[in-house]
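Take a look at the structure below.
All of the numbers you see were taken from the coordinates with simple rules; none came from a lab. What you see is a predicted model, and the numbers here were worked out from it, not measured in a lab. Counting neighbours? That spans all protein chains shown, and the Cβs are built from the backbone with ideal geometry, glycine included.
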Amino acid sequence: MTSSSTPRSNRHTGTKPAPSRFKARLRRPAKPDGDAAWAFVVLPREASDTLPRRGRTSIEGTLDGHAFQATLEPDGQLSHWLRVNEALLDAASVAIGDDVTLEIRPVAREPEPELPSDLRAALAAAPEARVAWEATTTLARVDWIHWITTAKQARTRAQRIANACDMLAAGKRRVCCFDPSGFYSKAFAAPEEA
């Protein structure tokens, strides 16, 4: 994998950052979820270093010249990985195992995350928490949702939603004790390759 990128220190200049350009191999996940074919790429550290954060981060870019937008996931190693869906594989006429060229840059403004239905219902039932939720930043909401949706068991997820509502109602704007990079908690990793 080779890359070229803008140093992290130049990311707050107010202008659109130069894209990070690198080559990578499309990998097959050992445990694909669902029926759709998809691949993944682990970003080289140099490309990830140009991004504004170590947690989930939305990007725009090209894969072999085909434009896309996506949300990168943290890999637990202070970098990120990219899920390449079947539609993008088809549009770029590439397949798992191919070497591809990617150009990525952070989006100008992080999009509002999709609110899971169970969290939406809990916020609707807790007006103080809902008011605090609406007053938080988009990135804070991304982290709250990431913390909730990464629970491995339904019971843990339900407890995290209840805790989120309690913390928000108490005035906490950010989720407490959550490592969005997964580096310190070792909670996140790129998919295992098949």
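Once the Cα atoms of helix 154-169 and of the chain are each reduced to a long axis, what angle between those two axes, in degrees from 0 to 90 to the nearest 10, is obtained?
For 154-169 against the chain, the angle is about 70 degrees.
In whole Å and largest first, what semi-axes does the C-alpha gyration tensor of the chain yield when each eigenvalue is scaled by 5 and square-rooted? Intermediate results must be reported in sequence, preceding the final value.
On the way: eigenvalues 193, 79, 43 Å².
Whole-Å semi-axes of the equivalent ellipsoid: 31, 20, 15.
Filter the trypsin sites (Lys or Arg not before Pro) in the range 97-164 down to the DSSP loop ones having no more than 16 other Cβ atoms within 10 Å, then list what survives.
Details: sites: R109, R120, R130, R141, K152, R155, R157, R160; in loops: R109, K152.
Loop-located and lightly packed - R109, K152.
Within the range 51-83, whose backbone N sits under 17 Å from a point 7 Å along Cα→Cβ of E193?
Only 75-77, 79-83 pass the distance filter.
E128 label point, 7 Å along Cα→Cβ, cut-off 17 Å on backbone N: hits in the range 154-187?
Answer for this model: 162-174.
Lysines within cross-link reach of K186: Cα-Cα under 21 Å, excluding same-chain residues under 8 positions apart?
Excluding near neighbours in sequence, the set is K31, K152.
I need the peptides 60-70, 45-55 ranked by packing, meaning the mean over residues of other C-beta atoms within 10 angstrom, with the highest value on top. Can you show the working numbers first?
Numbers: 60-70: 15.8, 45-55: 20.3.
Put in order of decreasing packing, that is 45-55, 60-70.
Let me check the size of the range 135-193 from its C-alpha atoms; what are the radius of gyration and Dmax in Å?
12.2, 42
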